[in-house]
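One structure is given below, encoded as structure tokens.
The values are calculated or read from the model by the stated rules, or taken from the named source; none is laboratory data. As the structure is a prediction and not an experimental result, all values here were calculated from the model. Positions of Cβ are generated from backbone atoms using ideal geometry, with glycine treated the same way; all protein chains shown enter the neighbour counts.
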Amino acid sequence: MTMLSQYPGIRVEGNEIVEVKDTIVVEDRFDLYLNDELLTRLVASDEHLRELGAGFVVGEGLAGAVDSVQVSGKEIRVYAEPTTSSEWVLKSSGGPGTSRTPKEIRSSLTIEPRDVVRMIKEIESEAWRKTGGVHCSVLFLEKDLVIRSSDVGRHNTYDKVLGFAVLNHIDVSRCVVGCTGRQPGGMVSKVANVGVPIILSKAAATDKGIVMADQAGVTLVCFARGNRFTVYTHPHRISGIVPGVRS
């Protein structure tokens, strides 16, 4: 894995000038194939590539499940029974995705405010701490952390943790995802397509992200930092914050 590298620089702080060698995240490119047909080219970090392929295909609604994923060099080949074709659109990250509208999620999963606070503390990785140049996402099954992944792209981190769930046949209706990055419509739709009912983010949402979460039945929690957070949609899954509603 070549996710991190060292590069020299000159740090200036006030009147102090120091030569430094910083840890920098490596940006790479991969060709993603679906059933041996080139689907797209992804800018990503060289980690959890099988999961990246599986998560992209299911998260974009191109298939409901994955048969297998093969990684060779810069090629990620996903084999799956495709759904009906979808129109490619440009997502908020500048990358490609589909215009498919996710099905509404129905899940009885609830978590407590203290769970939100605890889970948010897990949304950082060694690469994130060393470089400040990656995003990080996590996947919880019930309340247990099952995978953490970092990448130069926030969309890729979702693909990787969601792909882990797909490849390992995890009951996604009992899962929570967390992310360091902003939550536009394209990010939320990935989670909804896979079927995860709760999103936690350290960052903001966009209007399209909130609308998508509301329509898809996803509980969207943003600005989760320390012991505070804001719930934008379907707050009934965070027990005790809606008067008269108990889990």
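Quick look at the values:
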{"item": "Selection count, region 130-163, where residues are under 15 Å from G181 (Cα atoms) and not in a strand (DSSP E or B)", "result": "13"}
{"item": "Verdict on G178 being in contact (Cβ under 8 Å) with a residue 40 or more places away in the chain and part of a strand (DSSP E or B)", "result": "yes"}
{"item": "Among the candidates L52, L32, residue that is at pLDDT 95 or above, part of a strand (DSSP E or B), touching a Gly at 6+ places or on another chain (Cβ under 8 Å) and not assigned by TED's automatic domain parsing to the domain that holds A213", "result": "L32"}
{"item": "I111 being modelled with pLDDT of 95 or more, touching a Leu at 6+ places or on another chain (Cβ under 6 Å), buried (at least 19 other Cβ atoms within 10 Å of the Cβ) and within 30 Å of D144 (Cα to Cα)", "result": "no"}
{"item": "Criterion: of a type in the set (A, V, I, L, M, F, W, C) and at pLDDT below 95 - qualifying residue of V89, V146, V116, V138", "result": "V89"}
{"item": "Residue that is modelled with the lowest pLDDT, among those in region 97-106 that are in contact with a strand residue (DSSP E or B) (Cβ under 8 Å, 6 or more places away or on another chain) and surrounded by 17 or more Cβ atoms within 10 Å (Cβ to Cβ)", "result": "G97"}
{"item": "Enumeration of residues in region 127-148 that are closer than 23 Å to G9 by Cα, of a type in the set (D, E, K, R) and free of Cβ contacts under 8 Å to residues at least 12 places away in the same chain", "result": "R129"}
{"item": "Residue check, R77 charged (D, E, K, R), farther than 24 Å from A216 by Cβ, touching a residue at least 40 places away in the same chain (Cβ under 8 Å) and in contact with a helix residue (DSSP H, G or I) (Cβ under 7 Å, 6 or more places away or on another chain)", "result": "no"}
